[in-house]
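As structure tokens, the structure follows; a few thoughts come after it.
The values are calculated or read from the model by the stated rules, or taken from the named source; none is laboratory data. None of the values given here were measured: they were computed from a predicted structure. Ideal geometry is used to build each Cβ from the backbone, glycine not excepted, and the neighbour counts take in all protein chains shown. Areas reflect the complete protein model, heavy atoms only, side chains present, ligands, DNA and RNA absent. Shrake-Rupley method; radii C 1.70, N 1.55, O 1.52, S 1.80 Å.
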Amino acid sequence: MTEIQTSRRSFLKTSAAVTGGLLMAVNLPGTLGQAMAAGTVSTPNAWVHIADDNSITILSAHSEMGQGVHTSMPMLVAEELNVDLSQIKVVDAPPGAAYVNALLGAQITGGSTSVRGSWEKLRVAGAQVREMLVSAAAAEWNVDRAQIKADKGMLIGPNGKKATYGAMAAAASKLPVPEKPAIKDPKDFRIVGKRTKRLDTPAKTNGTAEFGIDVKLPGMVYATIVQCPVIGGKVKNFDGAQAKAMPGVQAVVQVSDGVAVVADSWWRAKKAAEKLSIQWDEGAVASISDASMLEGNRAAAKSGKVIPIIASKGDVAKAIGGAAKVLEAEYITPMQSHSPLEPMNFTAHVQGNKALLIGPTQFQQGAHGAVAGALGLKPEDVTLKTTYLGGGFGRRLELDFVVQAAEISKAVGKPVKLVWTREEDMTHDYYRPMGVNNVKAGLDASGMPVGVHFKVTSQSITQRAFGLPKETLDPFMAEAAVTGYNVPNTQHDLVIHDTGFRVGYWRAVSHSMNAFANESFVDEMAKAAGQDPYAYRMKMLESKPRYANVLKLAAEKAGWGKPVAAGRARGIALMEGYDSYMAQVAEVSLNKDGSVKVHKVTVAADVGHMVNPDTVEAQLQSSIIFGMGAVLKHQITMNKGRVQETNYNTYEPVRMYEAPQIDIVLVKSTEKPGGIGEPGTAVAAPAIANAVAALTGKRVRRLPLTADAIRQA
């Protein structure tokens, strides 16, 4: 899949240029001063800031939404700077070219790219500052650089000479930045690769951590918004008189996406919004339903323009046509909502030609630029500060709620905190698109595949979000479409079908659709061949050591082939995603009502060189739970353009009592780091589906895998 991975960046370019070096001066409004205890700040480069009191601040270009970047990013810098993590404070970087994610072409947190994209860049940044500090001390003391050691915030020279990093920071910041400083051999790491407690845990435990919903500004008012029940619909006219007469209400404002109510408390704004009388122009999607969307996808799969995902291998049609047995299956994945626990919110203060934005975003440059464009401001007159995110999963890549907050603030002339209701959040998402996967294979006399044809039909998120030209391969639709198995003849195709409904990047993006289809189908092939699903996979992984190793480790750890308790069964699945290799074994039973009970998930993961194994484990645990919701419970349905799931009672999350035992095997590796925040979500679906098929003898090919779905299979 190398061809796909290397092309992703071209689809996500923004007006910000990716820089090869590091900026020597960065405007840090409202962030750096808060982080520093005292003293004058020196800025050796865009990532490391040292004050003369020897306090060190490291900037994170990636939003912290639970994945641990406020620990892993500082670990990379601290390793080369030779300081303990306890000496470091972390703040979020402002919008800026220096903080562009080179893997995505913009200042974006997503795609499990934080560690992958920072692995070398931040180590170089730490090494640059270390070398500059040593050079400054050498010049100050008139000694050779080789005689100076930089360690734990101290510069130590000959004849008892000592100085803190802070004492040399000002002089160091005036020196040329070394382009290629020596970075450590991993065998010499003291911090990277060690289990490390997260730096943000104390603040999140004692309540001092600031999430978007916690923001307060002097004179701030509160807003909520009512949007058209059909996404994309607009206000025809409205009567806000009753709402405006409610206690505490200060204004009723029409903005681009609907009508906002502003009050002296959010609850008052919310209650007043219930009194609005609005007539809507429901727009172009008022007639669609999930049934019509599925019908459209199926029709497109048969007759739509086919885009090759990769070049075909061999002659697939001939191989399947001459096979001893032919298998064919259709797999359907429904729309999914992001539904983070913290609903969409942002705080804005627009004063004249200046705007201050504070809140949770995964796309700093996008939020900054969207508000500047919407309000007609110069980019330099817009200041953005990122808070902690109470969940993101891709939803906070979008900019609608940020622009709304700015528009409302401009209208009322005060700082405004906009908070959506849960219902607005769930019914006005950018949903994971519906997917239809068609897979066909020919098996030889021994039951092994001689040809496989894979086709995915779905909607292109990248066309909507970044203007990808139509009939162009969207690599974010092709993730996990190509497996690691050795099959002599293969063909992988994509059909893009625009349903008209708005869609967005959802945790693991198309891995979650394509891995479900591919790995379910491998199990179906194994059954048709009369072979064990684990052994069947291993036969197709010759010369694929990383795939084979995680599959073997997961099977051994789970006790594959050994008896399970009565009424239980196991399923196995394998995938590479974001340069990480992962196998999962799920052990399941059925509850009395026929629903699925997941007792244990065993996962073996090779994520390359790990920065913080503790975070890797936590990410695996969270992604598996997230994936369980998608495979067992969740789907977004529509009627007349209206989303039917409106809150957690109809889109129920996995509860604590439903969480399985999760056993994790982490492969020690010297390979480059892979991404870990998302792949586990995708592998959970086929592992659980395969276990249910083994238990019941019924193959459910349309998610979610509910009791009714099993009964009807």
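From the alpha carbon centroid of the stretch 511-542 to that of the stretch 658-699 is 14 Å. With each label modelled as a point 7 angstrom along the Cα→C-beta vector, the GLN712-ASP264 pair spans 5.3 nm. Under Stokes-Einstein, with the Kirkwood radius over Cα pairs as Rh, the value for the stretch 444-572 at 4 °C and 1.567 mPa s is 77 µm²/s.
Per residue, the stretch 613-713 exposes an accessible area of 42 Å² to a 1.4 Å probe, with every protein chain left in place.
Whole angstrom only: what separates the Cα centroid of the stretch 563-597 from the Cα centroid of the stretch 60-122? Taking the Cα centre of the stretch 60-122 as reference, the centre of the stretch 563-597 is 34 Å away. Does the stretch 537-612 come out rounded, prolate or oblate, given a ≥ b ≥ c as the square roots of the eigenvalues of its C-alpha gyration tensor, rounded meaning a/c under 1.5 and, failing that, prolate meaning a/b above b/c? Cα axes put the stretch 537-612 in the prolate bin. With the biggest extent put first, the Cα atoms of the chain measure 80, 73, 47 Å across the principal axes. Computed over the alpha carbons of the stretch 248-319, Rg followed by Dmax gives 24.4, 73 Å. In this structure, the amide hydrogen of GLY105, modeled 1.01 Å from its nitrogen in the peptide plane, lies closer than 5 angstrom to no residue at least 5 positions away or on a different chain. A dipole drawn for the chain from +1 and -1 charges on Cβ atoms has a positive end, and of ALA311, THR386, ASN237 the residue lying farthest that way is ALA311. Less than 5 angstrom separates the built amide H of PHE346 from those of LEU418, all sequence-distant by 5 or more or on a different chain. Of the residues ALA529, THR483, LEU468, the one whose Cα sits farthest towards the positive end of the charge dipole of the chain is ALA529 (charges of +1 on Lys and Arg Cβ, -1 on Asp and Glu Cβ, taken about the Cα centre).
Quick one: of the DSSP bridges fully inside the chain, what percent are antiparallel, nearest 5? Percentage antiparallel, nearest 5: 75. The label point for ALA97 and the one for ASN649, both projected 7 Å from the Cα toward the Cβ, are 5.4 nm apart. Using a probe radius of 1.4 angstrom, the carbon and sulfur fraction of the accessible surface of the chain is 51%.
Counting only Cα atoms, I'd like the Rg/Rh figure for the stretch 299-440, Kirkwood definition for Rh. Looking at the stretch 299-440, the ratio lands at 1.23. Remark on the stretch 560-713: ratio of C-alpha radius of gyration to 2.2 N^0.38 Å is 1.09.
Along its first, second and third principal axes, ordered by size, the stretch 212-264 spans 34, 27, 14 Å in Cα coordinates.
Expressed as a fraction of 2.2 N^0.38 Å, the C-alpha radius of gyration for the stretch 372-524 is 1.42. Spatially, the stretch 176-249 and the stretch 341-369 are offset by 9 Å when compared through their Cα centroids.
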